[in-house]
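A.B. asks: What follows is a structure written as structure tokens; I'll ask about it next.
The values are calculated or read from the model by the stated rules, or taken from the named source; none is laboratory data. The model shown is predicted, which means the values in this text are computed figures rather than measured ones. Neighbour counts run over all protein chains shown; Cβ positions are idealised from the backbone, glycine included.
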Amino acid sequence: MQRMNLQTNDLPMENWLLEHSEITFGKHHFPLHLHPQYCTISFTLSGNATLLDPKNTYQIGEGDIVVIPPHIPHQTIVVEAFNYKIIRLHIDVLKSFPNSIQIISFDTNSKLYQELHQLIFENEDQLSSAAWVEFMDKHYYTQITKREELFSNVLRHIRACFQEQLTLQKLSELAYMSPSHFHRRFSQCFSLSPLQYIMSLRIDYAKKAMRNKKNLTEVALESGFYDQSHFNKYFKLYAGLRPKDFLALMES
């Protein structure tokens, strides 16, 4: 019943949209990361980049549409200038999304490409949550994965408390494992460490917090970082921009 409501009624953007930007990067190697609460859709305007997940390597070029589901570890390598349009949608709204990274070009799937292109570029000032829900429900059906079942207690705790200083000991107790065994199993299942998983959540939270807070020190502390310097270092690494540059991009 809730999904039907979402399909017929739009939500305020702050409730479902993390990013809606056009970004240009110079040379940058993003670390392996994921977006546990968001599905990412991007359209390459110009340039080239290499996208990697734990099993595949993708070459992305002008005109390609990339869909990255939540919980898929990935990293992007930009050697020269790379310009793309990006949208990140909250999974609690979407419910349905692919279970693997998709690179969609007009040649490979023209109908799907045209539908996505229309959603990305039409009515940019009045993005519709209902339209995205309808599109995802039409094309995808998502089930919980075995790894999410195995670490369900841990993931719930991390999502609720990622702004706090979480310890490996506490997380391992929730998984009923020793710290070393937990770290090894978690890293095997998600292809990144618990700390990298937590850092991904903190960066996404910081991006959302910047909508309402202009004081970056407050954003840093609220997001779980030790101080402004700690925040600047990891935000630049994970987002490819300094916090103040990202804030300026959102305000432009």
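A.B. asks: So is A209 in contact with an Asp or Glu (Cβ under 7 Å, 6 or more places away or on another chain) and either in the same structural domain as I72 (by TED's automatic domain parsing) or more than 20 Å from H90 (Cβ to Cβ) (or both) or not?
C.D. replies: No, not satisfied.
A.B. asks: Still on this structure, please answer the following. Residues L192, L174: which one is of a type outside the set (K, R) and under 24 Å from H74 (Cβ atoms)? Let's see the steps before the verdict.
C.D. replies: Numbers: L174 fails: under 24 Å from H74 (Cβ atoms).
Matching residue, one of L192, L174: L192.
A.B. asks: Return the residue satisfying two criteria in turn: it lies in segment 89-115 and is of a type in the set (S, T, Y) and within 20 Å of L127 (Cα to Cα), and of such residues it is modelled with the highest pLDDT. Give the steps one after another, and end with the answer.
C.D. replies: Going residue by residue through segment 89-115, those that are of a type in the set (S, T, Y) are 96, 100, 105, 108, 110, 113.
In the following step, the residues that additionally are within 20 Å of L127 (Cα to Cα) were identified as 96, 113.
Numbers: S96: 92, Y113: 95.
Among them, the one singled out is Y113.
A.B. asks: Could you look through segment 33-60, keep only residues that are surrounded by fewer than 17 Cβ atoms within 10 Å (Cβ to Cβ) and of a type in the set (A, V, I, L, M), and pick out the one that is nearest to the chain's Cα centre (by Cα)?
C.D. replies: Within segment 33-60, the first condition is being surrounded by fewer than 17 Cβ atoms within 10 Å (Cβ to Cβ), and the residues that meet it are 45-46, 48, 50, 52, 54-59.
Pick out the ones that are also of a type in the set (A, V, I, L, M) and you get 45, 52.
Details: L45: 20, L52: 15 Å.
Ranking the qualifying residues of segment 33-60, first place goes to L52.
A.B. asks: May I pose another question? Check segment 133-156 and report whether any residue there is part of a loop (DSSP other than H, G, I, E, B), touching a residue at least 60 places away in the same chain (Cβ under 8 Å) and loosely packed, with under 15 Cβ neighbours inside 10 Å.
C.D. replies: Initial filter on segment 133-156 (part of a loop (DSSP other than H, G, I, E, B)): 140-145, 151.
Subset that is touching a residue at least 60 places away in the same chain (Cβ under 8 Å): 142, 145.
After this cut, where a residue has to be loosely packed, with under 15 Cβ neighbours inside 10 Å as well, the list is 145.
Yes - at least one qualifying residue is present in segment 133-156.
A.B. asks: Sticking with this structure for a sec: Given the criterion hydroxyl-bearing (S, T, Y) and touching an Asp or Glu at 6+ places or on another chain (Cβ under 9 Å), identify the matching residue among T145, T167, T217. Steps first, answer last, please.
C.D. replies: Numbers: T145 fails: touching an Asp or Glu at 6+ places or on another chain (Cβ under 9 Å); T167 fails: touching an Asp or Glu at 6+ places or on another chain (Cβ under 9 Å).
Going through T145, T167, T217 in turn, just one is hydroxyl-bearing (S, T, Y) and touching an Asp or Glu at 6+ places or on another chain (Cβ under 9 Å): T217.
A.B. asks: Regarding E218, is this residue over 27 Å from S152 (Cα atoms) and of a type in the set (D, E)? Before the answer, list the steps.
C.D. replies: Values: over 27 Å from S152 (Cα atoms): yes; of a type in the set (D, E): yes.
Yes: the conditions hold for E218.
A.B. asks: Looking at the structure I just gave you, is Y238 outside any helix (DSSP H, G or I) and not assigned by TED's automatic domain parsing to the domain that holds T40?
C.D. replies: Values: outside any helix (DSSP H, G or I): no; not assigned by TED's automatic domain parsing to the domain that holds T40: yes.
Spelling it out, it is not the case that Y238 is outside any helix (DSSP H, G or I) and not assigned by TED's automatic domain parsing to the domain that holds T40.
A.B. asks: Within segment 181-188, is even one residue within 30 Å of E115 (Cα to Cα), modelled with pLDDT of 95 or more, of a type in the set (D, E, K, R) and part of a helix (DSSP H, G or I)? Write out each step before concluding.
C.D. replies: Let us first name the residues in segment 181-188 that are within 30 Å of E115 (Cα to Cα), namely none.
No, segment 181-188 has no match at all.
A.B. asks: Of all residues being part of a loop (DSSP other than H, G, I, E, B) and closer than 18 Å to R147 by Cα in segment 167-180, which is nearest to the chain's Cα centre (by Cα)? Just the residue, please.
C.D. replies: Residues of segment 167-180 that are part of a loop (DSSP other than H, G, I, E, B), as a first pass: 167, 175-178.
Add one more test, that the residue is closer than 18 Å to R147 by Cα, and what stays is 175-178.
Numbers: A175: 25, Y176: 28, M177: 28, S178: 30 Å.
Looking at residues that are part of a loop (DSSP other than H, G, I, E, B) and closer than 18 Å to R147 by Cα, I get A175.
A.B. asks: To continue, here is another question. When only residues in segment 61-78 that are surrounded by fewer than 18 Cβ atoms within 10 Å (Cβ to Cβ) and touching a Gly at 6+ places or on another chain (Cβ under 9 Å) count, which is farthest from F190 (Cα to Cα)?
C.D. replies: The residue in question is E62.
A.B. asks: Is it the case that I86 is closer than 30 Å to S187 by Cα, among the β-branched types (V, I, T) and at pLDDT 90 or above?
C.D. replies: The answer is yes for I86.
A.B. asks: Only one of R202, R211 is in a helix (DSSP H, G or I) and charged (D, E, K, R). Can you tell me which? Give the derivation first.
C.D. replies: Working: R211 fails: in a helix (DSSP H, G or I).
So the residue among R202, R211 that is in a helix (DSSP H, G or I) and charged (D, E, K, R) is R202.
A.B. asks: Continuing with this model, one more query. Among (1) surrounded by 15 or more Cβ atoms within 10 Å (Cβ to Cβ); (2) among the basic types (K, R); (3) free of Cβ contacts under 8 Å to residues at least 12 places away in the same chain, where does R88 come up short?
C.D. replies: So R88 meets the others, but not (3).
A.B. asks: A further question on this structure: Identify, please: which residue in segment 201-252 is within 21 Å of E14 (Cβ to Cβ) and among the small types (G, A, S) and is, among those, surrounded by the fewest Cβ atoms within 10 Å (Cβ to Cβ)?
C.D. replies: If we take residues in segment 201-252 being within 21 Å of E14 (Cβ to Cβ) and among the small types (G, A, S), then S252 is surrounded by the fewest Cβ atoms within 10 Å (Cβ to Cβ).
A.B. asks: Identify, from the list F121, F106, the residue that is of a type in the set (A, V, I, L, M, F, W, C), touching a helix residue (DSSP H, G or I) at 6+ places or on another chain (Cβ under 6 Å) and loosely packed, with under 15 Cβ neighbours inside 10 Å. Even if it seems obvious, please write down each step before you answer.
C.D. replies: Working: F121 fails: touching a helix residue (DSSP H, G or I) at 6+ places or on another chain (Cβ under 6 Å).
Only one candidate passes the filter, namely F106.
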